[in-house]
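Trainee: One structure follows; several queries about it will come next.
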Amino acid sequence: MLEMKKIYHYYGKARALEEINLKIEEKALDVVIGPNGAGKSTLLRVISGLEEPDRGKIEFLGERIDGLKPHKITKKGISHCPERRRLFYDMTVEDNLKMGAYVQKNRSIYNKQLEFIFELFPRLKERRKQRAGTLSGGEQQMLAIARSLLSNPKLLLMDEPSLGLAPKVKKKIFEAIEQIKNEGTTTLLVEQDAVLAMEVGETIHLLEEGKIEMRGTSEELKREPRIKKVYLGI
Ligand SMILES: Nc1ncnc2c1ncn2[C@@H]1O[C@H](COP(=O)(O)OP(=O)(O)O)[C@@H](O)[C@H]1O
Ligand SMILES: [Mg+2]
């Protein structure tokens, strides 16, 4: 579905991504793990067009998308749920959701997605008249995910959805991610919490200093001594 071929990205002279080759199959749930500053957010930003790669190619459903403007990429079916949520804090839950649906002109698809979202996160339904800024951290993350689902994406990019959340809330978010995947949405998730990532991810890519240093199924990676020591703490 998505293929990155030899992608490089620089911020000024600093290299953030180096020769990234990444292939995501339809209906897969892939996870990129790696430490702070490894280039995980940059990788997602390059896919969704927020950064233009300096070298390489990105194909989505057989078409080149690198160099396209973000809204064009959204229209093709890629939705990016960014790091640290970026909600409209003064607006209600409902209005935040409407903002997420601006590419979804089809009313019946919108309503169907909304129904799915409220099933996924009943909390949001209860709180739909509440201002986003007054939600708890976990609820804000739910809202961010919900918003990026309203465009009914083919590929969902998620940047550290569990950041700063309590373990119980993290678990809830990850259950929702699995449910989204089971509904057939292809997902690329970036996550620092390797333990959680390995629980849900099918294919895991380890990104370090802008390079993919290892990849495999979570079972394969769990057996790697270095992964065990550095990322799983066992
Ligand atoms: N807008 C930017 N300008 C300059 N450097 C940046 C910018 N965004 C990220 N970087 C740098 O690029 C590297 C990768 O960052 P990032 O993709 O945010 O990593 P991660 O998400 O894995 O923490 C880091 O060294 C970071 O400081
Ligand atoms: Mg990041």
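The values are calculated or read from the model by the stated rules, or taken from the named source; none is laboratory data. Source: prediction; values computed, not measured. With ideal geometry, Cβ positions are generated from the backbone for all residues, glycine too; neighbour counts draw on all protein chains shown.
Trainee: Would you pick out the residues in region 79-94 that are among the acidic types (Asp, Glu) and under 16 Å from Thr42 (Cβ atoms)? Working first, answer last.
Mentor: Step one: of region 79-94, the residues among the acidic types (Asp, Glu) are 83, 90, 94.
Selection gives Glu83 alone.
Trainee: Please note which helices (runs of 4 or more DSSP H) are completely contained in region 99-199 and include at least 2 residues that are under 27 Å from Leu50 (Cα atoms) and within 16 Å of ligand 2 (Cβ to nearest atom). Lay out the reasoning, then the answer.
Mentor: Working: elements: 107-120, 122-126, 137-149, 167-182.
Qualifying helices (runs of 4 or more DSSP H): 137-149.
Trainee: Same structure, new question: Restricting the search to region 129-146, which residues are of a type in the set (D, E, K, R) and at pLDDT 95 or above? Can you show your working first?
Mentor: Taking region 129-146 first, the residues of a type in the set (D, E, K, R) are 129, 131, 139.
Lys129, Arg131 - these are the residues of region 129-146 that are of a type in the set (D, E, K, R) and at pLDDT 95 or above.
Trainee: Also, quick follow-up: How many residues does region 149-182 hold that are surrounded by fewer than 18 Cβ atoms within 10 Å (Cβ to Cβ), on the phi < 0 side of the Ramachandran plot and not basic (Lys, Arg)?
Mentor: 8
Residue-by-condition table, conditions (1) of a type in the set (Val, Ile, Thr); (2) under 15 Å from the mean Cα position of the chain (by Cα):
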residue	(1), (2)
Pro167	no, no
Ile173	yes, yes
Ala176	no, yes
Ile180	yes, yes
Glu183	no, no
Gln192	no, yes
Leu196	no, yes
Glu199	no, no
Glu209	no, no
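Trainee: Shifting gears a bit: Hey, does region 188-202 have a residue that's at pLDDT 90 or above, farther than 25 Å from Glu26 by Cα, surrounded by 13 or more Cβ atoms within 10 Å (Cβ to Cβ) and not polar (S, T, N, Q)?
Mentor: no
Trainee: Which of the residues spanning region 35-94 are more than 16 Å from ligand 2 (Cβ to nearest atom), touching a residue at least 24 places away in the same chain (Cβ under 8 Å) and of a type in the set (Gly, Ala, Ser)?
Mentor: Gly49, Gly56, Gly77, Ser79
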